[in-house]
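The values are calculated or read from the model by the stated rules, or taken from the named source; none is laboratory data. Keep in mind that what you see is a predicted model, and the values were worked out from it rather than measured. In this analysis, Cβ positions are derived from the backbone assuming ideal geometry, glycine residues included, and neighbour counts consider all displayed protein chains.
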Amino acid sequence: MASKSYDKIADLCDDLLLQVAAEGVVFQEEWPYAIHLLGHIYVNDINSARFLWKSIPSVIKENKPEIVAAWKIGQHLWTHDYAGVHEAIRGFDWSPEVQGLVTAFSGNYTKRMFKLLLSAYSTISIADTAHFLGMSEEDATNYALQHGWSVDPASQMLTVKRQLVLTEQKLDHSKLQRLTEYVFHLEH
């Protein structure tokens, strides 16, 4: 957590959980379930988060609201409720141990949703953009404008500016030679 290697948390927790279980140690109350769940959510492994959630004893779920709040994020991801993900993040007062992970996930999730909008739309309403990004309409408009999009105030529509991706094609002379010979063979 201190190194902010959030993408490694889920695997680390899984390994430790298996190690401790293999040794026969009962640790249920002390296990950092919220961090473990959020680790899976951070790397977008919702299936593993779901299975972990199902394995957490009911007593712990009832006594640890942060675990329930972490799972609420997972539920919204599972149902593709984009705005619900942001509401679940903002709807809980996260502990200092978890806050950095939640903040990092929130930033990554917003970027991922923006990339999705970028690939799926050529124009999109400000309201829909705000919905997907979990922002106010003003913040969503400013975010889009910062990324080169344009806005039509009359229609309340944003025009997507696609990023040009330059790909360098390497010419394989042997393939060109074979193609030339093949075409020559077909013509004669």
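Side notes on the structure shown:
- Test: residue in the stretch 99-109 that is outside any helix (DSSP H, G or I), of a type outside the set (A, V, I, L, M) and without any contact (Cβ under 8 Å) to a residue 40 or more places away in the chain: no
- Annotation note: of Gln156, Gln99, the sole residue that is within 28 Å of Lys72 (Cα to Cα), at pLDDT 95 or above and not aliphatic (A, V, I, L, M) is Gln99.
- Failed criterion for Ala70 (all others in (1) of a type in the set (A, V, I, L, M); (2) in contact with a helix residue (DSSP H, G or I) (Cβ under 9 Å, 6 or more places away or on another chain); (3) in a helix (DSSP H, G or I); (4) at pLDDT below 95 hold): (4)
- Subset of the stretch 124-134 [touching a helix residue (DSSP H, G or I) at 6+ places or on another chain (Cβ under 7 Å) and in contact (Cβ under 8 Å) with a residue 24 or more places away in the chain]: Ile124, Ile126, Ala127, Thr129, His131, Phe132, Leu133, Gly134
- Count - residues of the stretch 64-82 that are among the small types (Gly, Ala, Ser) and either surrounded by fewer than 15 Cβ atoms within 10 Å (Cβ to Cβ) or within 12 Å of Phe105 (Cβ to Cβ) (or both): 2
- Residue count for the stretch 117-139 satisfying the condition of being surrounded by 14 or more Cβ atoms within 10 Å (Cβ to Cβ) and part of a helix (DSSP H, G or I): 10.
- Within the stretch 83-98, tally of residues that are small (Gly, Ala, Ser) and either crowded, with 18+ Cβ neighbours inside 10 Å or in contact (Cβ under 8 Å) with a residue 24 or more places away in the chain (or both): 3
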